[in-house]
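Each value in this text was obtained by applying a stated rule to the coordinates, not by laboratory testing. Worth saying up front: this structure is predicted, and the values here are computed from it rather than measured. Using ideal geometry, Cβ is built from the backbone for each residue, glycine included, and neighbour counts are taken over all protein chains shown.
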Amino acid sequence: MKIFSKEGVEMMDIKSISRDGEKLIVKGKVMGAMSTTLLIKPEDCWQAAQLLGLRVIMYLPLLLLKGCWSLRKKDVA
């Protein structure tokens with residue numbers, strides 16, 4: 001999964017997301033050069049949920065479905 005800036009510059013290439021106890025482990029490359037491992041604690045997830053707000057959280061399932069549909073269309077073509 002790649003994350004881009006609004007200018008289209010690749011900011012992070014996420015290679016894997018796994019779990020280690022209560023933490024999420026995100027491995028990837030930042031700016032295409034620096035390998036990094038991010039540790040996300042439960043309280044970090046809660047803070048992220050507060051940043052998103054209820055309207056965005058409620059939109060997330062639809063966003064996942066749109067991504068799934070988009071990838072299936074690419075596979076068929």
Notebook entry, point to check: Using 7 Å Cα-to-Cβ label points, what is the W46/V76 separation (nm, one decimal)?
Noted result: 4.4 nm
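If the only charges are +1 at each Lys and Arg Cβ and -1 at each Asp and Glu Cβ, what is the size of the charge dipole of the chain around the Cα centre, to the nearest 20 debye?
Details: 13 positive and 8 negative charges, 64 e Å.
That gives the chain a dipole magnitude of about 300 debye.
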Notebook entry, point to check: lysines near K27 by alpha-carbon distance under 27 Å, same-chain residues fewer than 8 away left out - which ones?
Noted result: K2, K6, K15, K41, K66, K74
Check: Which trypsin sites (Lys or Arg not before Pro) does the range 1-60 hold that lie in a coil by DSSP with at most 10 other beta carbons within 10 Å?
Finding: K6
Item checked: Cα gyration tensor, the range 23-77 - rounded (a/c under 1.5), prolate or oblate -> oblate
Notebook entry, point to check: What full-extension length gain, to one decimal in nm, is calculated for M11 and M34 as 0.36 nm per residue of separation minus the Cα-Cα distance?
Noted result: 7.2 nm
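What is the extension gain from W69 to I57, computed as 0.36 nm multiplied by their sequence separation minus the C-alpha to C-alpha distance, in nm to one decimal?
On the way: separation 12, 0.36 × 12 = 4.32 nm, distance 1.95 nm.
Between W69 and I57, full extension yields 2.4 nm more.
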Check: Taking amide H positions as placed 1.01 Å from N in the peptide plane, with prolines and chain starts having none, which residues 5 or more places from M11, or on another chain, fall under 5 Å of its amide H?
Finding: I3, F4, S5
